[in-house]
Amino acid sequence: MYDQALGNARIKRVALGGATAFAIYIASVGVTACSQLLIARLVGADTYGVYAYVIAWMTILAYFSALGFDIALLRFVPAYQTTGAWSLARGVIQYAERRALAVSILVMLVGVSVIMIWSRQFSPELRNTFLIGFILVPVWALLWIRCSIVRAFGGVVLAVVPDKVARDGLLLLLVVLASLVLGWHTDAPLVMMATLVGSIGALGLASLAMRRLRPGALTIVLPEYAARTWRHTAVPLVIIAAAEALLNRTGVVLLGWFGETKEAGIYALAFNIAFLVVLPRTAINTLFAPTISSLFTRRDQVTLQALVTKAASWTLCAAVCIALGLAILAEPILIWFGKDFAAGVPALRILLLGQVIAASFGSQLSVLTMTEHERGAATLLILSAAGNVVASIVFISMLGLTGAAIATAIALIVWNVAMAAFISRHLRLLPGVHGMLGSTLRRSLGFAPRSPKRFKNTTVV
C-alpha cells in the first residue's frame, strides 16, 4: 500500500509539474510567435530564409557542442541525489560545463575560419549572419546544460523561463526597438545579433537559477570524477542530440544548401508552427525525465509503467486538440505571416499529422536515455536521421518544401515505431498509450515479469 501511494504521489508530482511547465510553454509560444511574426513581416520570406537557414546550422552545432550532457545530467544528478553521492554530483556538473565550453569554443573558431576562407561563396548577408551566428554555439551549449541542471534540482519554472521565454522575449524587444523606434534596416545579421543578445541574457538567468536551487551539500564537498563512466554515457547522448536536431532541421538545411533560402524560410515557419504539437510532451518531460531516472534506480517498474502510460495519454489528447486547430486554420495563419508563406500550407498539415502520430508513442527518447539504453537510442536515431536526409533529397527534388515535410513526417513515424519495439523488448514496458491496454496486451506479447537492470557503478574508474 505504501509503495502504491508513493508511486501515485510521484505521478501526481509529474502531472502538476507538467501542467505548470505547460503554462510556461504556452506563454513562451506567445512570445516566440510574436517574435517570428514580427521578423517575418519586417524582413520578408527571402531574408527570413537566410536567418532560418543559419539558425538551423547553429542549433545542430550547439547540440553537438553540449556533448550530450544536457541529457546526461538529467540522469546522473537525480541518481546521485537519490544515493547521496554529492561529490559525484558536483563532479559531473563541473565536468560537463568545462568540456562543453571548450568544445563549443573550438567549433565557433573553426566555423568562423571556414566562412572567412570561403567568404566569396556567400552573399554578404549570409556571410555576416553566419559570423554572428557562430557566437551562439558556446552560449546555447552552456545555456542548455545549466537549464538541465536546474531541472535536475527540481526547478520546473526556473528551467523553462530562461530558454523558452526570456530568450525570445529579449529578441522581440530588441527587434522592435531597432526597427520601429530607431528606424534601422532590419536584415538577417541584425536579427541574429538580437538573438545573440537575448541568448546571453537567458544564460545569465539560468546561471542565477542554478545557484539558487543548488543543494547546500554540493557546496561543502570536493568534486569526485567518474570521467570514464560519464564519457561512456555522453558519446551516444551527443549523437542523439545532434541527430535529433538534424532530423528536425533537415528540410531547412537542405533547402538552404540547394540555394532555395526563400523556401527554407517558409518551411522553417511551417515546421515551427507544427512543433507546437510537441509542447505538451516537452512540458511533461521537464519532470518526466528526472523521475524516470529515480524510478529506474529504485527498480520501481510498476510505477514507471503507469507514469509512461499516463504521460503519453495526457500529451496525446493535448496534441490532437492543438493539431486540429492548426490544421483547420493553416492557411489564414500562414498568410498572416505574409502572402509568400501561404505556399507552406500543405507542408504544415503533413507535419501536423506526423507529430500527432508521434505523440501517441509518448516520450520514448526520455525513457531510453534515462534507463541506460542511450546507445540503442542513438543507433535508432542515426538511422532515422540518415533516412530523412536521403528521403528529403528525393522528395525535395520532386515536390520542393512539401517534399521536405513528407520526408520528415515519414522519418518521425518510423523512428517512433522503432523505439517502441526496442522499449517493449528491452525494458518490458508498453510504450505510449499502448499501456492502457494493460495486462491483456502484455500477455499476448509474451512479456514475463522482469525488473530492469540497475544503474551501472558510477564510482571513479
Please determine whether any residue of the stretch 58-78 is open to solvent by 30 Å² or more (accessible area, probe 1.4 Å), under 21 Å from Thr261 (Cβ atoms) and at pLDDT 75 or above. yes
Checked against (1) farther than 18 Å from Val278 by Cβ; (2) over 17 Å from the mean Cα position of the chain (by Cα); (3) open to solvent by 10 Å² or more (accessible area, probe 1.4 Å), Gly403 satisfies every condition except (3)
Out of (1) under 20 Å from Arg281 (Cα atoms); (2) of a type in the set (Val, Ile, Thr); (3) modelled with pLDDT under 90, the one Ile413 does not meet is (3)
Looking for something without any contact (Cβ under 8 Å) to a residue 12 or more places away in the chain and in a helix (DSSP H, G or I) - is there at least one such residue anywhere in the stretch 241-251? no
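From Gly216, Gly183, which residue is under 19 Å from Leu88 (Cβ atoms), out of contact with any helix residue (DSSP H, G or I) (no Cβ under 9 Å at 6 or more places or on another chain), among the small types (Gly, Ala, Ser) and without any contact (Cβ under 8 Å) to a residue 24 or more places away in the chain?
After ruling out the rest, the residue left standing is Gly216.
Per-residue answers, yes or no, for (1) of a type in the set (Lys, Arg); (2) under 26 Å from Tyr225 (Cβ atoms); (3) open to solvent by less than 60 Å² (accessible area, probe 1.4 Å):
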site	(1), (2), (3)
Gly91	no, yes, yes
Tyr95	no, yes, yes
Leu106	no, yes, no
Phe122	no, no, yes
Leu126	no, no, yes
Phe130	no, no, yes
Given the condition within 30 Å of Leu368 (Cα to Cα), out of contact with any strand residue (DSSP E or B) (no Cβ under 6 Å at 6 or more places or on another chain) and open to solvent by 60 Å² or more (accessible area, probe 1.4 Å), answer yes or no: does some residue in the stretch 34-55 qualify? no
Just one listed residue, out of Thr291, Thr315, Thr297, is of a type in the set (S, T, N, Q) and at pLDDT 75 or above, and it is Thr315
Select the helices (runs of 4 or more DSSP H) contained entirely in the stretch 291-387, then report the ones holding at least 3 residues which are out of contact with any Ser or Thr (no Cβ under 6 Å at 6 or more places or on another chain) and free of Cβ contacts under 8 Å to residues at least 24 places away in the same chain. 301-328, 330-337
Per-region count, the stretch 239-266, residues within 12 Å of Asp340 (Cβ to Cβ) and touching a Leu at 6+ places or on another chain (Cβ under 7 Å): 2
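Which of the helices (runs of 4 or more DSSP H) contained wholly in the stretch 149-240 include at least 2 residues that are open to solvent by less than 20 Å² (accessible area, probe 1.4 Å)?
Of the helices (runs of 4 or more DSSP H) lying wholly inside the stretch 149-240, those with at least 2 residues that are open to solvent by less than 20 Å² (accessible area, probe 1.4 Å) span 156-161, 167-176, 188-213.
The values are calculated or read from the model by the stated rules, or taken from the named source; none is laboratory data. Predicted model only: the values in this text are computed from it and were never measured. Note that we place each Cβ from the backbone using ideal geometry, even for glycine, and neighbour counts take in every protein chain shown. Quick note on the areas: whole protein, heavy atoms, side chains included, nothing else; ligands and nucleic acids left out. Shrake-Rupley method; radii C 1.70, N 1.55, O 1.52, S 1.80 Å.
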